[in-house]
Amino acid sequence: MNQADKTYLDLCKYILENGTKKEDRTGTGTISIFGHQMRFNLEEGFPLLTTKRVPFKLIVSELLWFLKGDTNVRYLLEHNNHIWDEWGFQKWVESDDYKGPDMTNFGLRSQQDEEFKKVYQDQLSIYQDKVLNDDEFASRFGDLGNVYGKQWRSWEGADGKTYDQIQYIINEIKRNPDSRRLLCNAWSASELENQQLPPCHYAFQFYVVDGKLSCMFNMRSNDVFLGLPFNIASYALLTHLIAHECGLGVGELIYTGADVHIYSNHVEQIKTQLEREPRELPTIKLNASKESIFEFDIEDIELVGYHPHGAIKAPVAV
Ligand SMILES: Nc1nc(=O)c2c([nH]1)NC[C@@H]1CN(c3ccc(C(=O)N[C@@H](CCC(=O)O)C(=O)O)cc3)CN21
Ligand SMILES: O=c1ccn([C@H]2C[C@H](O)[C@@H](COP(=O)(O)O)O2)c(=O)[nH]1
């Protein structure tokens, strides 16, 4: 059995058996635990879950979006990636510019009311269309604020200068791999108001030993069914990309989560997944002719040998 699925499924089981019912910002309700760590050996394979199909291309385009320093959902839409649509849409419908039908609390209402769902989907497709085709609209309502891309690549210092935390890490790994400062921080107390969603994975750190690169990432809040499979694969991919540029192998990926929760409307899906037998993990192949991680495009990243169980659908809490 592959250890990555097992480690994930053990967490799911633990939450179902020991978690506490807890209300949350979205009004959905969760079963939650506080404080959990998991370790994934990246040499055993690429930790993309096999007990449900996880859309790898979406993980790649989201990570490349962060690495470009981009915070506008237009890039994601151009790559058919809709995982951030709701947070841009929210910015539009809460603005004075929005003149359409009332979209208050659209996330929950679209799950409970079929009539409303149609009206919502019409408005969402208007939003998507405008972000893709109207530059002015996109710059106002496609931008999620100072979210990951901005914080990673152009952190604004108190001195007014911007700092590229990813470039710093890469330079340091090459110059001084024993450094204990190979860290990127996305949480900024002064930016919370300027972010459509404050960072959930708020910091990560690298560690080099025996020619291998390991990574630890921290999450303040984690949606175990929809978010976590993406988060694990995304940080695994980031570790592979940085190792590639720095001429290192890969070591371990370590996850540390704080409020780790299963939404009440994901419980049945998780139970289905728990019944499935894990399969062999895939591997990842990076285009060897690309040196800098900032040169990578989607087609430079290939997933090999992924034969998962089928996808399991679930609504996202907004
Ligand atoms: N409640 C919540 N959970 C999250 O995981 C999450 C947020 N909000 N807000 C911001 C981002 C967006 N992320 C998301 C959002 C949606 C999916 C999702 O629906 N995934 C589906 C496939 C979607 C598709 O194919 O378009 C899945 O089956 O994994 C995953 C991650 C992670 N984050
Ligand atoms: O990468 C991500 C981004 C978001 N999430 C989840 C965690 C929570 O369920 C929500 C955020 O809501 P808050 O009220 O701001 O905590 O999104 C995730 O799991 N992974």
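The numbers here are math on the coordinates, done by the rules we state, and not lab data. All figures in this text were calculated on a predicted structure; none of them were measured in a lab. No Cβ is skipped: glycine too gets one built from the backbone with ideal geometry, and neighbour counts run over all protein chains shown.
If R0 is taken as 41 Å, the Cβ-Cβ distance between Arg180 and Lys22 corresponds to a FRET efficiency of 0.75. Across segment 216-233, rounded Karplus estimates of 3J(HN,Hα) from the backbone phi angles (6.51 cos²θ - 1.76 cosθ + 1.60, θ = phi - 60°) give 10, 10, 10, 10, 7, 8, 9, 7, 5, 7, 9, x, 4, x, 5, 4, 4, 5 Hz, Gly and Pro being marked x. In the P(r) worked out for segment 21-133, what percent of Cα pairs fall beyond 20 Å? Percent of Cα pairs beyond 20 Å in segment 21-133: 60.
Classify segment 160-318 from the C-alpha gyration tensor, please: rounded if a/c falls under 1.5, else prolate or oblate depending on whether a/b exceeds b/c.
Working: a/c = 2.01, a/b = 1.26, b/c = 1.59.
It is oblate, given that a/c is not under 1.5 and a/b is not larger than b/c.
Overall, the chain carries a charge dipole of about 740 debye about its Cα centre when +1 sits on the Cβ of Lys and Arg and -1 on the Cβ of Asp and Glu, all other atoms neutral. Here the 3J(HN,Hα) profile of segment 277-286, calculated from phi with Karplus coefficients 6.51, -1.76 and 1.60 at θ = phi - 60°, is 8, x, 10, 5, 6, x, 10, 10, 10, 9 Hz, Gly and Pro shown as x. Pairwise Cα separations in the chain fall into 10 Å bins from 0 onward with the following percentages, short to long: 5, 25, 35, 26, 9, 1.
For segment 9-25 versus segment 268-318, the inter-centroid distance based on Cα atoms is 24 Å.
Please give the FRET efficiency for Ala203 paired with Met1, using the beta carbon to beta carbon distance and R0 = 35 Å, rounded to the nearest 0.05. The partial results should precede the final answer.
Working: r = 31 Å, r/R0 = 0.89.
The computed FRET efficiency comes out at 0.65.
Computed on the chain, with alpha-carbon pairs under 8 angstrom and 6+ residues apart, the relative contact order is 29 percent.
Let me check against my output: what whole-number percent is the relative contact order of segment 75-160, with C-alpha pairs under 8 Å and at least 6 apart? Mind showing how you got there, number by number?
Numbers: 37 pairs, mean separation 27.3, N = 86.
The value is 32 percent.
Mean sequence separation of contacting Cα pairs (under 8 Å, at least six apart), scaled by the length of segment 1-62, corresponds to a relative contact order of 32 percent.
For segment 158-213, state the average projected area of the convex hull of the C-alpha atoms over all orientations, rounded to one decimal in nm². Please list the in-between numbers first.
On the way: hull surface 19.7 nm².
Average projection, Cα convex hull of segment 158-213: 4.9 nm².
3J(HN,Hα) along segment 11-16: 5, 4, 4, 4, 5, 4 Hz, from the Karplus curve 6.51 cos²θ - 1.76 cosθ + 1.60 with θ = phi - 60°, whole Hz, x for Gly and Pro.
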